[in-house]
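Note sheet for the following structure.
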Amino acid sequence: MATKSYLARVELHYDSDYKELHELLYDIGYYRTIFLTDNHWHDLPHATYIHHADSSHDQQKAILVQTIRDELGIKPANKATRKEKSFSLAVAESNSNEEAHYKVGYVLRLANEESVLPPGESLA
């Protein structure tokens, strides 16, 4: 199976800072920066992450739901009542090796923190 790229967006439905979510997803390989054709790292929009894996879209969605639910103790929005802490999740898959793949337009600022880059990468 070819490596695919996954773009995920998470929204927390309660008063929270996202630091714990960012750290949790970083630890499982979801990063808040992307390296683009201009040869620079760019920050993704708030609570948006990119991941590369050899697994299916359904597997990646399940991994994210389970990780956020189990580690942060919050429920997916479709399983929670209005008064419970919950989250929404969108996951898009792209495989540039296939004839039909997604092209994404972007307006992103340059990354300025090496700590949010994938391991082994630098801004230089």
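Nothing in this text is a laboratory measurement; each read-out follows from the coordinates by a stated rule. Keep in mind it's a predicted model, so treat the numbers as computed, not measured. No Cβ is skipped: glycine too gets one built from the backbone with ideal geometry, and neighbour counts run over all protein chains shown.
Here are the numbers for this structure:
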quantity: Convex hull of Cα atoms in the chain, direction-averaged projection (nm²); calculated: 8.6 nm²
quantity: Estimated dipole of segment 24-96 in Debye, rounded to 20 [Cβ of Lys and Arg +1, of Asp and Glu -1, Cα centre]; calculated: 560 debye
quantity: Fewest-first sequence of THR48, THR3 by Cβ atoms within 10 Å of each Cβ; calculated: THR3, THR48
quantity: Phi-based couplings in Hz for segment 54-71 (Karplus 6.51, -1.76, 1.60; Gly and Pro marked x); calculated: 9, 10, 7, 4, 4, 5, 5, 4, 5, 4, 5, 4, 5, 4, 5, 4, 6, 7
